[in-house]
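Down below is the structure, laid out as structure tokens.
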Amino acid sequence: MSKPSTPTPPAPPPAPPEPPKDTNPEVKQARDDEKKRLQMMAGRSSTIATSARGLESQATTLKKKLGE
């Protein structure tokens, strides 16, 4: 008895091309300026999750006893 032959696997796809490198300092500066502008637009309100009175919404927890 002979073993059935196994098919050869297909060739792997070619490697993707390398992403372009941004070596232009003007492009890097423009990207940094835009990022900083967007962060400043968000301001302090984007980092505060509570008010002066604390968190005002109700907690979403359910009390259950073991076995219920």
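The values are calculated or read from the model by the stated rules, or taken from the named source; none is laboratory data. Bear in mind that the values here come from a model prediction, so they are computed numbers and not experimental data. Virtual Cβ from ideal backbone geometry, glycine too; neighbours counted across all protein chains shown.
Counting residues in segment 54-67 that are assigned to a loop (DSSP other than H, G, I, E, B) and either among the acidic types (Asp, Glu) or modelled with pLDDT of 85 or more (or both) gives one or more.
For segment 1-41, a tally of residues being surrounded by 10 or more Cβ atoms within 10 Å (Cβ to Cβ) and β-branched (Val, Ile, Thr) returns 1.
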